[in-house]
Each structure stands twice: as C-alpha cells, then as structure tokens.
Amino acid sequence: MSAEAAAPAPLLEVERVVTRYPVPRGIVGAMGRRPKLVVHAVEGVTFSVGPGEMLALVGESGCGKTSTAHTVVRMVDYQDGSIRFRGREIGKLSQREMRPLRREIQMIYQDPYESLDPRFTVRDAVEEPLVVHGIAGSRQERDAQVREALVRAGLTPPDLYIDRYPHELSGGQRQRVAIAASLVLKPQLLVADEPVSMLDVSVRAGILSLLDSLRRDGMGILMITHDLSTAAHFADRIAVMYLGRIVEEGPARDVVRNPQHPYTRALISVVPKRDPREQTAPQILTGETPNPVHVPTGCRFHPRCPIAESRCTSIDPSLQPPAGAEAPDHRAACIVTAPGPDAGEVGPDGRGMPAAPAA
Amino acid sequence: MSQPVLRVEDLHVWFDLSGGRELHAVQGVSFELRPGERMGLVGESGCGKTTTILAIMGLLPGSASVAGKVFLDGENVLEKGEETVSPHRWRDVSMVFQGAMNAFNPVKTIGSQIAEPMELHGTATGKAAKAQVRELLELVGISGSRADRYPHEFSGGMRQRAAIALSLACEPKVLLADEPTTALDVMVQAQILELLVRLTHDLGLSMILVTHDLPVVAQVCDRAAVMYAGEIAEMGEMSTIYHDPRHPYTRMLFAATPDLLGEDDVKSIPGAPPRLDREMVGCPFAPRCDSTFAPCTVTHPRRIEVGPGHEAICHLNDTVMVEESA
C-alpha cells in the first residue's frame, strides 16, 4: 500500500459518467406523442488521468470518445456520475465557477486549419487566452509569456513565427500554434481530440513527440484518437470505447499485445502493420457500430461478438481483471474472457453500470 | 510474363498559375501495371499522386498541360486528348474518387446512379442495366434489393461499397482508387480493403491504390511506388522497399509511421516538400534528407535499377557519384 500512497494523486477522476442527448422529435413528433428518444453517448464511464500520464481513449466514430472529452471539460451537460479535478468535484460547478479552472484544463482540437482565426497573427492567437482570463499583465510580460509558449510548442526561434498569419504556416506549425495557445495558460491537464489526424504523416510524429515531452514535464494528457498505432506508441494507458462504454482499459502495451475483450482483439487484428510480412489474418466484424439510440440488451457488443454466449444477451458486464491479463491494472468488460463476481450493478435506467474501481 | 494492362511512360503534368507561372506537378512518371496486380501510390499531400491518376483518366482541368504516354491495351490514350481517352474511360479504366461516398446525388437512387455509366457508354440499358446493377451491388456486399434506396439510407461504409460498384459498372480492367478508406473507421476500412482484394482476385482486375497510409499499402498491395515532388522516388515489391529501402525518403516515411507493435521510435521528417512552381537544383529531397553528400545539392539524381523490378532516384545508388565524392 505504501508504494501506492507515494503515487501522485490523479489530476482527473471520472466516475460513472453518463451523457445523453435528446433526439429532437419536432412539433409533429411531440403532437403525435412519438416516444422521446435519447442518444446514449456516454454510459457510465470511469477512468483517471494522473500528472505525467497520457491516457488514450480509442474507438470508432460514434463510440462516445469525443462526448466523453466534452463532458470532462464541461462543454456538454451530463446526467449522472462525478468528475473530480485535483480532488475537487467540478461536475456541478456553474460555468462561472468553472472559469478559473479552464486555465488548468485546456483542449486541443483536430483541425488546425479551422481552429485558428485567419485574421489573427500567431502573437494574437497565443496572447488571446491571457487576455480572456484577465492575466494579461503588461505588454512586455505578455510578450515574454507568448514567446515562452511558442518555444515550449517547438516554434523556435519565436521571432520567426510570432508575426505570421495562419496561411503562412504549414499544418504542423498551425497545430503547434494551437498547442502554444493552450500552454500559455500553464495548464495541468490537456485534452487533445484527434490532434494529428488532419496532418501529413511526416509531421505527425513531431506533434506527438511534443505532447510526449509535455507529459514528461508532468502534464496530464487525455488523448482522443481512432488510431490504435498512435495510442500504442505514445500513451501510457489505453481505454477502448464501444457504444458509450469503456470495454477494456490497461497499460498501453498490455492492451495492444495482450488484448482481452473480443472487440479490442478484433480491432487490433484489422490495424494494418507497416511490415508486409507481418500482416495477420484480420478478424473482420460485419456491419457497423449500432446506433447509440437503440443500444442492444445485455452486453452491448453481443450482436457482433464472435464469442458471444446466450447469457451475453442479458448480462451487462462490468470491467474486471481478466484471467489472461498480466498487468494488475488491466481490465475488460466481458463475462467470457473476464468473468467477475458480479454481472454489473443496475443503473438508474435499469441497465447495468460498471463497477467502481477498487479503492 | 503477361502484357501490362496499363503502361505510363514519362508522364508530365503542368498547371498554369496566375502571372504566367507554371507548377510542374508530375515530373516524368513511368510505371507498368500487370493484370490482377495491386500497386500502391504513396506519398505526402501535394506529391502528385492524384494528379497522376487523373491524367491517366484524362480528367485534368483545362489549366493543365500533359505530356508523355499512357498505354491502355497497347493504345496511347493521351494521343488525341478527349477523343482517344473517352472510349476507354470507365470501360477499360475507372476510378473511385476521393470522397466518392459523399458525392452521390442525394435525390437519385443509388441504383440509377450506378446504371448511368452503363447507359452513357452503351454497355447496358433498361432492364439489362437494372439486372446488372443488382449483380454489382451483390458483388460488393450490398443486397440487390437496395438498388432503389437513396444515398442517405446507406451508412458511410455502404456508400463506399456503392461507389466501388459504380466504378465497376462497365467492367473495367483497371481500377484507380484514390484514398478509398481515408474517412472510414478501421473496421469499415478493413471491410473495404478486403472487398478490393477480393475483386482483383475474382475479376482479374488490376488496381492502383492511392493513399498516404503506408500500412494500408503494405497490407493490400504487391508493389508500391513512393512519390515525392512529382517523381517516383522509389518503386518495387512492397516487402523489398520495406526491408531494403534504397531511397532515404522511403526509409524516413516508414520511420514516421507508428506501427501497432513496433518498438522503434517514431521520427518525423523535418521540413516540408518543395514548391513545384520553381526550378529545382539537385535532388528535391536533399533539404530534408538525413544522408546527403556532395552531389545531392548540385545534380538531380538518375533513376537507377537497384534490383529486379526495384528502382530508386537517389545518388546513394550511383557508384560513380559515391566514389567521386569519397
């Protein structure tokens, strides 16, 4: 226990968070008393990010990974669960109360062609957060802070970039400017939503190495990505999402090399490898991810699962340490590969909820 | 060895820019494609991949000038422009365009859009065309009964399958697929790649797969051509160019690509590709290369055959150059 106590307290603790969006019925639908439908975007997700740790949330489109990120930074309202930042519950804070916290939790977006204002110079873009948060100081102080952020984001010497406009920069440089605009506030947690998917292969590694060096300096990073290879290379831990749930979570190496959930196994088998001789037989799942409005009963993966048993249609599995796992903190939500003591508690909607992690 | 179905010889494409300037987008590309072969055309954005295949299709805009030869079944289709290309387009060589799955007309049924090239090229009309559409849909894994559905009733993966069916409407011999899986999730990507491989097997179709994603090419293609600054920097068997790359760009591109189970560090390539609207001295990759020596900044390297079916444009393979500067 002493070893665990020495570990730094997590920056971000997310517990059983549920985020649902109503499906608009329109006037005709409401008059006709059509049933109210909801998108079950995030259904009881639990994870934590510590200082100096990068957690990758991976999954296919519509699995809820971006909704999870938006919930964590309080950009969307959520229905249930708790979000703690440095031990403090932030889930119920008003937007006004959240404001000082936004300096400490920053977000990086997918598309640096869209996220920068074309009429702002690099200086304007990086300086703006300082002004917005009223920590601007004198002009010299601001200039020094902008330059420091540019250097940290790898745009050196800053003189070369500070007076340029976005159209004068390459995609990789734009993303570095967007990162600098986050770093200028000296955040402790970065939420990066597909930070390299719009960039050319040749510059992706540079941006990811930059995030990696920030992590080494003690920043906590939550990275949203659909690219398992990137997650395997740069993240400490990987959480695989499917239809609003984390179905497997553990050290990146273990999840990729020793996947336990049948969905993770299928996903990993279809990732093309660089070496043409190393291609494994892909285990292709038929169909596409079901609609999160009509979530299947029991285990939500059972209709596509190659190893589903009849009980999988009724039992909603919780995250448990699988028998085949080597790392103690490797968990999967599957009653076949990771049989646990319980079949998941019953949640507020009558559906199972994942068990809380052991304290 | 069977005759190539497609042979491209010294293809050049220039685009007119404002102010009388020109952009030399494709600079002397030559390759052959054999029946049933799958070749990858890879490289960073702006290296000339898409321009090359649009030139083969004769679909470049009016601002482009094209030189060189494109032989389809022995006939140079570039000879008289549209007049010589159009009889071959879609019948001998067809294309899955980038973003094709989002390019269907939303107010027409999928089936009627697949039948369009058949009627245009006179390969089938009316009932016969309808029957063929159903067959094609079944071939790409969509129930034939869905021919009367509209694009919005299909998921992204199904629209991409339909786009592939559309490209097969006139039973072409060569399929040019431009980033066919780029916007798709990895599981749907796997389904589409499996379909493309199956089609080349079952129909004897030859395919050029244009992508920036090396692992996709490694999985699907027999051969690959790595393009840089409008040239084919290296071309060869897929496993040869992975295990024994003879152009530093190929090696560095692989090193910049994270591999799921790879242990080595992922390294980005410094700098950016050169602008193609001005004269270049020396090797176009020299400013970003990690293995330059004296001649690289002075002379443009020659294309050298470094092994059977394996060629690269790099001074490092030129013994005369290497000895002289030693």
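Some notes on this structure:
- Any chance B:E135 is over 12 Å from B:C170 (Cα atoms), free of Cβ contacts under 8 Å to residues at least 12 places away in the same chain and part of a helix (DSSP H, G or I): yes
- Residue in segment B:203-214 that is in contact with a helix residue (DSSP H, G or I) (Cβ under 9 Å, 6 or more places away or on another chain), facing another protein chain (nearest Cβ under 8 Å) and buried (at least 23 other Cβ atoms within 10 Å of the Cβ) present: yes
- Selection status of B:T51, hydroxyl-bearing (S, T, Y) and at pLDDT 95 or above: yes
- Failed item in (1) crowded, with 18+ Cβ neighbours inside 10 Å; (2) over 20 Å from the mean Cα position of the chain (by Cα), with B:E279 passing the rest: (1)
Conditions (1) at the interface with chain B (Cβ under 10 Å from one of its Cβ atoms); (2) modelled with pLDDT of 95 or more; (3) more than 25 Å from A:P259 (Cα to Cα); (4) crowded, with 20+ Cβ neighbours inside 10 Å, marked per residue:
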{"site": "A:S170", "(1), (2), (3), (4)": "yes, no, yes, no"}
{"site": "A:V203", "(1), (2), (3), (4)": "yes, no, yes, yes"}
{"site": "A:H233", "(1), (2), (3), (4)": "yes, no, no, yes"}
{"site": "A:A239", "(1), (2), (3), (4)": "no, yes, no, yes"}
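- Residue, modelled with the lowest pLDDT, within segment B:65-85, restricted to residues that are surrounded by 14 or more Cβ atoms within 10 Å (Cβ to Cβ) and of a type in the set (S, T, N, Q): B:T84
- The number of residues in segment A:145-196 that are aliphatic (A, V, I, L, M), outside any helix (DSSP H, G or I) and in contact with a Ser or Thr (Cβ under 9 Å, 6 or more places away or on another chain) comes to 5.
- Residue ID - farthest from the other protein chains (Cβ to nearest Cβ), chosen from residues in segment B:253-275 that are buried (at least 21 other Cβ atoms within 10 Å of the Cβ) and within 30 Å of B:L17 (Cβ to Cβ): B:P273
- Condition met for B:Y242 (at the interface with chain A (Cβ under 9 Å from one of its Cβ atoms), over 18 Å from A:L228 (Cβ atoms) and among the aromatic types (F, W, Y)): yes
- In summary, no strands (runs of 3 or more DSSP E) completely within segment B:192-311 bear 3 or more residues that are at pLDDT below 95.
- Residue among A:P306, A:P317 that is in a loop (DSSP other than H, G, I, E, B) and in contact with a Cys (Cβ under 9 Å, 6 or more places away or on another chain): A:P317
- The residue of segment B:113-135 that is surrounded by the most Cβ atoms within 10 Å (Cβ to Cβ), among those that are modelled with pLDDT under 95 and β-branched (V, I, T), is B:T123.
- So A:L199, is it touching a helix residue (DSSP H, G or I) at 6+ places or on another chain (Cβ under 9 Å), more than 23 Å from B:Q191 (Cα to Cα), at the interface with another protein chain (Cβ under 10 Å from one of its Cβ atoms) and in a loop (DSSP other than H, G, I, E, B): yes
- Among (1) at negative phi; (2) surrounded by 21 or more Cβ atoms within 10 Å (Cβ to Cβ); (3) more than 10 Å from chain A (Cβ to nearest Cβ); (4) not hydroxyl-bearing (S, T, Y) - the single one B:E305 does not satisfy: (2)
- Pairs, first touching a residue at least 12 places away in the same chain (Cβ under 8 Å) and within 7 Å of chain B (Cβ to nearest Cβ) in segment A:273-287, second of a type in the set (V, I, T) and part of a loop (DSSP other than H, G, I, E, B), C-beta under 7 Å, six or more apart: A:P282/A:V270; A:I284/A:V270
- Qualifying residue in segment B:170-186 (condition: facing another protein chain (nearest Cβ under 8 Å) and either outside any loop (DSSP other than H, G, I, E, B) or farther than 26 Å from A:P262 by Cβ (or both)): yes
- Checking each residue in segment A:68-93 for being outside any strand (DSSP E or B), closer than 16 Å to A:V38 by Cβ and in contact (Cβ under 8 Å) with a residue 60 or more places away in the chain picks out A:Y78, A:Q79.
- Only a single item in (1) of a type in the set (S, T, Y); (2) more than 14 Å from every other protein chain (Cβ to nearest Cβ); (3) in contact (Cβ under 8 Å) with a residue 24 or more places away in the chain is not met by A:S138, and it is number (3).
- Among the candidates B:I192, B:I110, B:I142, the residue that is more than 20 Å from the chain's Cα centre (by Cα), within 14 Å of chain A (Cβ to nearest Cβ) and buried (at least 20 other Cβ atoms within 10 Å of the Cβ) is uniquely B:I142.
The values are calculated or read from the model by the stated rules, or taken from the named source; none is laboratory data. This is a predicted model, so every value here is computed, not measured. Neighbour counts run over all protein chains shown; Cβ positions are idealised from the backbone, glycine included.
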